[in-house]
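Chemist: Take a look at the following structure, please.
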Amino acid sequence: MNKIKVLIADDHKIIRVGLRGLIELSKDIEVVAEAENGTEVIELVKKVKVDVVLMDIDMGHTSGIETTQQLKKEHPEINVLGLTMHEEQEYIVEMLEAGASGYLLKNTGMDEFLTAIRTAAKGDSYFSHQVSTTLLQAITQKKTFPTFKSNHNGPLTEREIEVLQLIAREFSNGEIAEKLFISIRTVDTHRRNLLEKLQVKNTAGLVKYAMEKGLA
């Protein structure tokens, strides 16, 4: 029996070890490689046959979204599953538009986790229950999915505008996280995305942009 070959992409070694341990409990799936950033992912798939990539969205200075986009462009036969703590709508949409076959949260149970890998390996889509609920709510509320560009210069999401406004009001990352009920790491990710999208170098540039657009 040919096993499903998986590459784990996550910047935290303890996460990679844990995921490998779960996968090794199955008889039809095997981990063939691990990567801690997007650059390693792109290099590894040139050397090792991979069916499914488990892609973390936030890998330090590397975006799993941009890596997914590049990977699918160069290797469309490889299926990508987003595996992350981010449950906000904008992240889900960005991963899907980048070419991911599905999206899982890191609190997903073992059975669902393995089912998702098997589903993605067949070329089908898979979303965890919580992610499906988020997408359904977006549809029922008739929200329009934002349009994203590969160079991250596309329009800002609602959440990014909220973060930008709070940055302009001189709130710290911790205070922003508390006000928006998200993690500090998520705030860091939003801040980096804002810097990239708006093509500014620092917080002063973000504040200037917010003032010019009447967001401050």
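Chemist: Quick test for you: out of Ala120, Ala98, pick the one residue that is of a type in the set (Gly, Ala, Ser), assigned by TED's automatic domain parsing to the domain that holds Gln70, modelled with pLDDT of 80 or more and under 13 Å from Leu54 (Cα atoms). Can you show your working first?
Modeler: Details: Ala98 fails: under 13 Å from Leu54 (Cα atoms).
Going through Ala120, Ala98 in turn, just one is of a type in the set (Gly, Ala, Ser), assigned by TED's automatic domain parsing to the domain that holds Gln70, modelled with pLDDT of 80 or more and under 13 Å from Leu54 (Cα atoms): Ala120.
Chemist: Output the residue which, of all residues in the range 79-95 that are out of contact with any Asp or Glu (no Cβ under 6 Å at 6 or more places or on another chain) and either part of a helix (DSSP H, G or I) or hydroxyl-bearing (Ser, Thr, Tyr) (or both), is modelled with the highest pLDDT.
Modeler: For the range 79-95, the residue satisfying everything is Met95.
Chemist: Just checking: which of the helices (runs of 4 or more DSSP H) contained wholly in the range 169-216 hold 3 or more residues that are β-branched (Val, Ile, Thr) and at pLDDT 85 or above? I'd like the intermediate steps shown before the answer.
Modeler: On the way: elements: 173-180, 184-198, 203-212.
The helices (runs of 4 or more DSSP H) meeting that bar are 184-198.
Chemist: Out of (1) in contact with a Ser or Thr (Cβ under 9 Å, 6 or more places away or on another chain); (2) closer than 30 Å to Glu158 by Cβ; (3) of a type in the set (A, V, I, L, M); (4) in contact (Cβ under 8 Å) with a residue 40 or more places away in the chain, what's the single condition that is false for Leu54?
Modeler: (1)
Chemist: To continue, here is another question. Which of the following residues is surrounded by 15 or more Cβ atoms within 10 Å (Cβ to Cβ), touching a residue at least 40 places away in the same chain (Cβ under 8 Å) and hydrophobic (A, V, I, L, M, F, W, C): Ile4, Ile42?
Modeler: Details: Ile42 fails: touching a residue at least 40 places away in the same chain (Cβ under 8 Å).
Exactly one of Ile4, Ile42 is surrounded by 15 or more Cβ atoms within 10 Å (Cβ to Cβ), touching a residue at least 40 places away in the same chain (Cβ under 8 Å) and hydrophobic (A, V, I, L, M, F, W, C), namely Ile4.
The values are calculated or read from the model by the stated rules, or taken from the named source; none is laboratory data. As the structure is a prediction and not an experimental result, all values here were calculated from the model. In this analysis, Cβ positions are derived from the backbone assuming ideal geometry, glycine residues included, and neighbour counts consider all displayed protein chains.
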